[in-house]
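Notes follow the structure.
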Amino acid sequence: MIQLMARMSHGKASAPAKIILFGEHFVVYGSPAILAAINKRVSVDTYTPIDEEDKIVIRSDIGVVGRYSNDGEFNALEGGMKSKAVLDPLYSAIKEVLLVRNEKKRIGIEVCISSKVPPGIGLGSSAASCVATVAAVASLFQKNPSRQKVCELAIRSEKLIHKKTSGADCYVSTFGGLMQYYSKSKNFKNIETKGLLSLVVASTGVKHSTSELVTGVKRFKDTNKLLFESLTKQASDICLQACTAIESGKLDKIGALMNENQILLQQIGISHYKVHEIIDICSKAGAIGAKITGAGGGGAVIALAESKQESTKIASRVKAAGYQSFEVEIDYNGLSI
Ligand code: PMV
């Protein structure tokens, strides 16, 4: 054991959660989206070799632990069978790294995930976990892959959770900052902010399945072709105008565009009465604009405030109404290894 401890390598990485300021759902169909990495992180520690020589053990502090044998057989150690759905993408992320490294040796790896990101409400906790896992496992073998490569591998793993992912979450979690993202070209452009964006996140407490909501939107699109085309065009215009408004620091314009974007999200059927309740509280507390962030169906709301002081007031009003709420800042670091 002492010998094993002495030889053990340790890798680590962390990646930020994200908010979508504009363009969720429509981004899947080619419209741009504006996203920002936020100051809530998922941290991953990895170890090899471990006592269980040819196994991959994944522990997450959300109460799930699982062990995968070399042929991929899953054994839930904590959290029951629901843990498989949570851990499979991470297992896939680990396998992707081993594949790229052509790592044929049967080595045991332990991966420990600790998250400050509330899961299942649209803040990109699974993307951040995949990004940090890829980087932490790669760092076990010393040679750090490029951010671009980490992002590609993380997107492949995310695809296990939802096949039609635009990849936007993994991009912003890897590269950080505020960006306009184009799913068609898998390209992004950094947006320079003029002045501070004082933002509040509020959770409805209703967890969502991104995959189910994206499938629901596809059904809506297939039965309302012309309407959906027009909504996508409007979403795209909102996004382009928002980019200019952010670059020139026009808070009132950004807020108004957030409200317009929310109406489009309501039209495609992914809003929720608790979202409307929170938006109402935010606007009565002085928010300039508020909307769903992420896939919706409950999930989270973001609100824009005039100043830091105002965002503190908005967050405390939302909390007083019984919802989880916190102020967020943009994270410009992205993946950290
Ligand atoms: O998983 P969420 O809630 O962050 O939503 C992802 C954003 C979508 O546009 C709904 C889907 C995607 O892949 O872009």
Roughly how many Å is it from the Cα centre of the range 144-216 to that of the range 279-324, as a whole number?
-> 21 Å
Which is farthest toward the positive dipole end of the range 113-230 among Ile191, Val137, Ala202, measuring Cα position about the Cα centre, with Cβ charges +1 (Lys, Arg) and -1 (Asp, Glu)?
-> Val137
Separation between the Ser146 and Asp71 pseudo-spin-labels, each 7 Å from Cα along Cα→Cβ, expressed in nm?
-> 3.9 nm
Per the helix-only model, the chain has a calculated mean residue ellipticity at 222 nm (DSSP H runs of ≥4, -39500 (n - 2.57) each, divided over all residues, rounded to the nearest 500) of -13500 deg cm²/dmol
Magnitude of the charge dipole, the range 70-147, Cβ model with Lys/Arg +1 and Asp/Glu -1, debye to 20 = 280 debye
Using alpha-carbon pairs under 8 Å, 6+ residues apart, how would you state the relative contact order of the chain in percent?
-> 24 percent
Cβ-derived FRET efficiency at R0 35 Å, Asn333 paired with His276, nearest 0.05 | 0.55
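Counting Lys +1, Arg +1, Asp -1, Glu -1, what net charge surrounds Leu199 among other residues with beta carbon under 13 Å of its beta carbon?
Here the count lands on -1.
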Burial order of peptide ranges 71-81, 127-137 (average beta-carbon count within 10 Å, highest first) = 127-137, 71-81
Given unit charges at Cβ for Lys, Arg (+) and Asp, Glu (-), the dipole magnitude of the chain about its Cα centre in debye, nearest 20, is 400 debye
Cα pairs beyond 17 Å in the range 117-261, in percent, come to 70 percent
Give the residues of the range 32-61 whose amide nitrogen is closer than 11 Å to a point set 7 Å from the Cα of Glu229 in the direction of its Cβ.
-> none
log10 I(q)/I(0) for the range 88-186, Debye formula on C-alpha points only (no solvent), q = 0.13, 0.14, 0.23 Å⁻¹, two decimals, reads -0.43, -0.50, -1.28
Inter-label distance, nm, simple model (7 Å from Cα along the C-beta direction), Asn187/Glu53 = 5.1 nm
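Tell me, in nm to one decimal, what length is gained between Asp252 and Lys218 on full extension, where the rule is 0.36 nm per residue of separation less the Cα-Cα distance?
Roughly 9.0 nm would be gained on extension.
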Between beta-carbons, use under 11 Å as the cut-off and find the net charge around Val28, counting Lys and Arg +1, Asp and Glu -1.
-> +4
Could you work out how far helix 147-161 tilts from the main Cα principal axis of the chain, as a 0 to 90 degree angle to the nearest 10?
-> 80 degrees
Going by alpha carbons, how many degrees (0 to 90, nearest 10) lie between the helix axis of 210-223 and the longest principal axis of the chain?
-> 50 degrees
Per-q log10 I(q)/I(0), the chain, q = 0.08 Å⁻¹ (Debye; single scatterer per alpha-carbon; no solvent) = -0.38
Proximal lysines to Lys163, defined as alpha-carbon separation beneath 16 angstrom and excluding residues fewer than eight positions away on the same chain | Lys184, Lys186, Lys218
For the chain, the longest principal axis of the Cα atoms and the Cα long axis of helix 308-320 enclose an angle in degrees, to the nearest 10, of 80 degrees
Which links in Lys116/Lys149; Lys159/Lys313; Lys40/Lys221 stretch past 28 Å when you go from one Cα to the other?
-> Lys159/Lys313; Lys40/Lys221
Column: log10 I(q)/I(0), Debye, Cα scatterers of the range 187-337, q = 0.16, 0.18 Å⁻¹ | -0.94, -1.15
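Values quoted throughout were computed directly from the atomic coordinates according to the rules given, and no laboratory measurement underlies them. What you are looking at is a predicted structure, and each value in this text was computed from that prediction instead of being measured. We place every Cβ from the backbone using ideal geometry, glycine too, and count neighbours over all the protein chains shown.
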